[in-house]
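Step one of this worksheet: look at the structure below.
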Amino acid sequence: YNIATLKRANNHHPIKNVKNIIAVSSGKGGVGKSSTAVNLALALQKQGAKVGILDADIYGPSIPTMLGTEKEQPLTPDNKHMSPIMAYGLASNSIGYLVDADGAMVWRGPMASKALCQILEDTLWPELDYLVMDMPPGTGDIQLTLAQNVPVTATVIVTTPQDIALIDAKKGIIMYNKVNIPTLGIIENMSYHICENCGHHEAIFGEDGAKHLAEKYQTQLLGQIPLHRLLRQDLDSGKPTVINHPDSEFTQLYYKIAAQV
Ligand code: ADP
Ligand code: MG
């Protein structure tokens, strides 16, 4: 699949100003979904697209931290809508902007899904070619409700090469198939570790898992991102690698993925 050749995945009413919604999903938490979503969004933007990011991970919003915007709050010009928070040219919104730092989310599934749909619809998105949605992990209630209520164009699945992550990634592909949302491809994160002393590549979590998964479900392996301290540090400091190290090999890897979307 390629976005350009896709019909709208379903016939929900479109979100104003938003051409394509790309859901970045994973079966498991902690595999690097948010890290990938934010760097992919920035890579798409650097290639000339207008891009926004919606942090749909209602129970663990991390986009504000990764964009260095955690202290900001969206303004509301009319007490109904929210202006997105701008960071590095990206328009963003997140439940993280709307609750205080330790406001843990204890909402049940239906409420959480409703809140999410509302944030998506009530944000005054500028004209966007892509809205990247950082999805909550799993294939439960929230994913299904979102898939059925939001005009998602396609999904990108993030996994590590580890068997337990791959099993959950597979469930993700199957779920999105069932709700007629095409899978653009799989991104293997923490694919290998680069030794900082000798440059040696070591497969810590296993090899070729995502490649085999992609083959089995007739989708593509969009790219492999190594496990590296720099990626982690850049995200923790609120300046993702695509911004903070634009000439790095890692940024090139994200560009390569963005070019396939
Ligand atoms: P998820 O959204 O799937 O729960 P995150 O993107 O928040 O996962 O990643 C979990 C943690 O791992 C974060 O602290 C992030 O900085 C770190 N991380 C993610 N991908 C990488 C990577 N390729 N190299 C180094 N650290 C990474
Ligand atoms: Mg996350």
Exercise. Just one of Leu128, Leu166 is within 24 Å of Gln224 (Cβ to Cβ), modelled with pLDDT of 85 or more and more than 16 Å from ligand 2 (Cβ to nearest atom); which is it?
Worked result: Leu166
Problem set entry | Conditions (1) modelled with pLDDT under 95; (2) within 30 Å of Thr69 (Cα to Cα); (3) exposed (fewer than 13 other Cβ atoms within 10 Å of the Cβ): number failed by Glu215 | (2)
Problem set entry | Test set (1) part of a strand (DSSP E or B); (2) within 15 Å of Ala56 (Cα to Cα) - Met86 fails condition number | (2)
For this session: Could you grab me the full set of residues in region 148-167 that are surrounded by 22 or more Cβ atoms within 10 Å (Cβ to Cβ), outside any loop (DSSP other than H, G, I, E, B) and in contact with a Phe, Trp or Tyr (Cβ under 7 Å, 6 or more places away or on another chain)?
Result: Thr155
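Listed here are the residues, each with its yes/no results for (1) within 16 Å of ligand 2 (Cβ to nearest atom); (2) in contact (Cβ under 8 Å) with a residue 40 or more places away in the chain.
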residue: Met190; (1), (2): yes, yes
residue: Glu196; (1), (2): no, no
residue: Lys211; (1), (2): no, no
residue: His228; (1), (2): no, no
residue: Ile243; (1), (2): no, yes
residue: Ala259; (1), (2): no, yes
Exercise. What is the one condition in (1) surrounded by 16 or more Cβ atoms within 10 Å (Cβ to Cβ); (2) at pLDDT 95 or above that Met82 does not satisfy?
Worked result: (2)
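Inside region 120-130, can you point out the residues that are assigned to a helix (DSSP H, G or I) and either surrounded by fewer than 20 Cβ atoms within 10 Å (Cβ to Cβ) or more than 17 Å from the chain's Cα centre (by Cα) (or both)?
Taking region 120-130 and keeping what is assigned to a helix (DSSP H, G or I), we get 120-122.
Answer for region 120-130, where residues must be assigned to a helix (DSSP H, G or I) and either surrounded by fewer than 20 Cβ atoms within 10 Å (Cβ to Cβ) or more than 17 Å from the chain's Cα centre (by Cα) (or both): Glu121, Asp122.
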For this session: Check whether at least one residue in region 173-185 is of a type in the set (D, E, K, R), at pLDDT below 85, in a helix (DSSP H, G or I) and surrounded by fewer than 21 Cβ atoms within 10 Å (Cβ to Cβ), and report yes or no.
Result: no
Seminar exercise, completed: Restricting region 41-69 to residues that are within 13 Å of ligand 2 (Cβ to nearest atom) and in a helix (DSSP H, G or I), the one farthest from Asn180 (Cα to Cα) turns out to be Thr65
Exercise. Is there a residue in region 24-44 that is out of contact with any Pro (no Cβ under 7 Å at 6 or more places or on another chain), away from ligand 1 (no atom under 13 Å from the Cβ) and either β-branched (Val, Ile, Thr) or free of Cβ contacts under 8 Å to residues at least 60 places away in the same chain (or both)?
Worked result: no
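The values are calculated or read from the model by the stated rules, or taken from the named source; none is laboratory data. Note that the structure is a prediction, hence the values are computed from the model and not measured. Heads up, the Cβs are rebuilt from the backbone with ideal geometry, glycines too, and the neighbour counts pull from every protein chain shown.
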